[in-house]
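Q: Here it is, the structure in full.
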Amino acid sequence: MLYASNKQTNLRLLYASRDYYNKSIRNYHPKVGELIDIWKFQPLYGKIDTNFNVAYPSEAYLGIIKGTDRLAINFVSDAFGAMRDYLAKGEAFGNIKRDDLFFYPFNVVKGWESVNDMYNAHISEFYSVLYEKFLIRPENNGSITSFDSFLTAFNLFLDIHVPTRPLTKSGFILKHDCPYSISGLTIEIDSKDYSDDSGKVKDYYDQKNFYAMYLKLAANFGFYVDKNCPWRLVANLTSPAWQKNPYLVEIMGKYFSNGYSLDKVFDTYYYKTYRIDVEILKTYVVQFYNSYVSQKPRLYKPRVCSTKTIVDHTTRRPVTLSEVSLQYDSVFWLKMYLSIRLKEMQIKISNSQLENIHSQISHDYHSRGYDAALDSLNAHVVNYLKIDMDKVINSKTSLQEGQSVVKSSVAVPVVGGGTSMPTATSTY
């Protein structure tokens, strides 16, 4: 059977081709512990922490990948550089031949990409859709005379569009087409078509050293190989290699002087988006309204008086963030944020459930403060995310795929593979 790609319009053929691809990989390498199936079994890898909080890395903890202008999380970039130096030393000592290794010398074509840049572009597009497809429609434009009436219209827009066009940064990151490169944990050594299964098999899985060298070497330096994009190396944060490979031990000692742990990585290197989402939401809603006012400063409404038509006009007034904060308190924005996150996740709950959460948010805010109320809200969102991801993962035949699936956290896959160095370069 020939492999198809996403260019194939016959869905039945495409599905059959993907099934054939998955079975082919198992037949090539029955033990596929060094492979990670992000698309199917780890869809939020690098996008959430161990507690299911949506997260993204601080740029302060990025490092340049040696010999390139690409970036990754600092210890990940150093590990990749150490792996490449390891091969270079093996070549210099005559232990390996460049022509024998299809992946050498590990040319980097993609590393970390900025989620902030992507999100800003997304928000610009979000407002364009809001304005062009909703606000300027006569029935909507005619109803907006103030920030208050704008909010009413805006909530109607959110009901329609947010399930497929997220507004919050958390929702944007969880979107399936937000790339894994935002995590700083992935490094790509090729620029092939992600949907071209035939190319993956021909250029990677069919190569004689794919398993004996490529997978093993990656595992020994703390990386998975992405099953669906075998040119993409993904840092395995739970790999024993970080504590056993002497090259990596030296690297980790530089960045984690008090010892390495998964929680330290996420607590130190990553922002939790829910902690900034609400303030960003408030800012953008005000900016959306003020942008609308600048484009449509007056509302004209004709009316008939006796025998003539009179045109009344209302001048829309921009607002400041401080004015809005005085009129709409933190509890209002917390409730609005919860509503948006549920829409983004396409989670439907009963009115009574929603009212119970609203009551808890209000109680926590007035008794324990804003941070406690936000944490309480996020706990509900995280719980719904866990339930949703359990459904996604359990609906797929993980055992048939030969994949290890972590039920407690989608962010952290079970470690696969050993830590012994490949024999071709183990003599120095």
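Q: Quick check, is Ser376 free of Cβ contacts under 8 Å to residues at least 24 places away in the same chain and surrounded by fewer than 17 Cβ atoms within 10 Å (Cβ to Cβ)?
A: No; evaluated as a whole, the condition is false for this residue.
Q: Quick check on this structure: which one of Lys227, Lys216, Lys208 is farther than 30 Å from Trp333 by Cβ, basic (Lys, Arg) and surrounded by 23 or more Cβ atoms within 10 Å (Cβ to Cβ)?
A: So the residue among Lys227, Lys216, Lys208 that is farther than 30 Å from Trp333 by Cβ, basic (Lys, Arg) and surrounded by 23 or more Cβ atoms within 10 Å (Cβ to Cβ) is Lys227.
Q: Considering each residue of the range 245-266, count those that are over 19 Å from Asn220 (Cβ atoms), surrounded by 11 or more Cβ atoms within 10 Å (Cβ to Cβ) and of a type in the set (S, T, N, Q), and give that number.
A: Total meeting the criteria: 1.
Q: If I filter the range 114-129 for residues that are over 30 Å from Ile187 (Cα atoms) and either aliphatic (A, V, I, L, M) or surrounded by 12 or more Cβ atoms within 10 Å (Cβ to Cβ) (or both), do I get at least one hit?
A: yes
Q: For the range 343-390, name all the residues that are within 24 Å of Leu156 (Cβ to Cβ) and within 18 Å of the chain's Cα centre (by Cα).
A: Lys343, Glu344, Met345, Gln346, Val381, Tyr384 - these are the residues of the range 343-390 that are within 24 Å of Leu156 (Cβ to Cβ) and within 18 Å of the chain's Cα centre (by Cα).
A quick yes/no check of all residues on (1) part of a loop (DSSP other than H, G, I, E, B); (2) without any contact (Cβ under 8 Å) to a residue 12 or more places away in the chain; (3) over 27 Å from Ile48 (Cβ atoms):
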residue: Tyr131; (1), (2), (3): no, no, yes
residue: Phe134; (1), (2), (3): no, no, yes
residue: Glu139; (1), (2), (3): no, yes, yes
residue: Thr145; (1), (2), (3): yes, no, yes
residue: Leu151; (1), (2), (3): no, no, yes
residue: Leu158; (1), (2), (3): no, no, no
residue: Pro163; (1), (2), (3): yes, no, no
residue: Ile173; (1), (2), (3): no, no, no
residue: Ile182; (1), (2), (3): no, no, no
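Q: Between Thr309, Thr315, which is surrounded by fewer than 15 Cβ atoms within 10 Å (Cβ to Cβ), at pLDDT below 80 and polar (S, T, N, Q)?
A: Thr309
Q: Which one of these is crowded, with 20+ Cβ neighbours inside 10 Å and outside the structural domain of His122 (by TED's automatic domain parsing): Ile187, Ile173?
A: After ruling out the rest, the residue left standing is Ile187.
Q: Given the criterion at pLDDT 95 or above, surrounded by fewer than 16 Cβ atoms within 10 Å (Cβ to Cβ), farther than 18 Å from Tyr284 by Cα and not assigned by TED's automatic domain parsing to the domain that holds Arg298, identify the matching residue among Ile136, Ile64.
A: Ile64
Q: May I pose another question? If you scan the range 230-246, which residues turn out to be in contact with a Gly (Cβ under 7 Å, 6 or more places away or on another chain) and aliphatic (A, V, I, L, M)?
A: Selection gives Ala235, Ala241.
Q: Only one residue in Ser261, Ser239 is without any contact (Cβ under 8 Å) to a residue 40 or more places away in the chain and either touching a Lys or Arg at 6+ places or on another chain (Cβ under 8 Å) or small (Gly, Ala, Ser) (or both), so which one is that?
A: Ser261
Q: Have a look at Asn51, Asn95, Asn120 and point out the one that is modelled with pLDDT of 95 or more and part of a loop (DSSP other than H, G, I, E, B).
A: Asn51
Q: Among the acidic types (Asp, Glu) and either over 25 Å from the mean Cα position of the chain (by Cα) or exposed (fewer than 14 other Cβ atoms within 10 Å of the Cβ) (or both): does that describe Asp49?
A: No.
Q: Output the qualifying pairs, or none if there are none: Cβ atoms under 7 angstrom, residues six or more apart or on different chains, first residue in the range 246-258 and over 19 Å from Leu62 (Cβ atoms), second residue surrounded by 11 or more Cβ atoms within 10 Å (Cβ to Cβ) and not aliphatic (A, V, I, L, M).
A: Tyr247/Tyr86; Val249/Gln243
Q: Hey, another quick one. Would a scan of the range 334-342 turn up a residue that is surrounded by 17 or more Cβ atoms within 10 Å (Cβ to Cβ), over 19 Å from Leu156 (Cα atoms) and at pLDDT 95 or above?
A: The answer is no; no qualifying residue exists.
Q: Any residue that is out of contact with any Phe, Trp or Tyr (no Cβ under 8 Å at 6 or more places or on another chain) and closer than 30 Å to Tyr328 by Cα - is there at least one of those in the range 172-187?
A: yes
The values are calculated or read from the model by the stated rules, or taken from the named source; none is laboratory data. As the structure is a computational prediction, the values presented were derived from the model and not from experiment. Backbone-built Cβ (ideal geometry, glycine too); neighbour counts: all protein chains shown.
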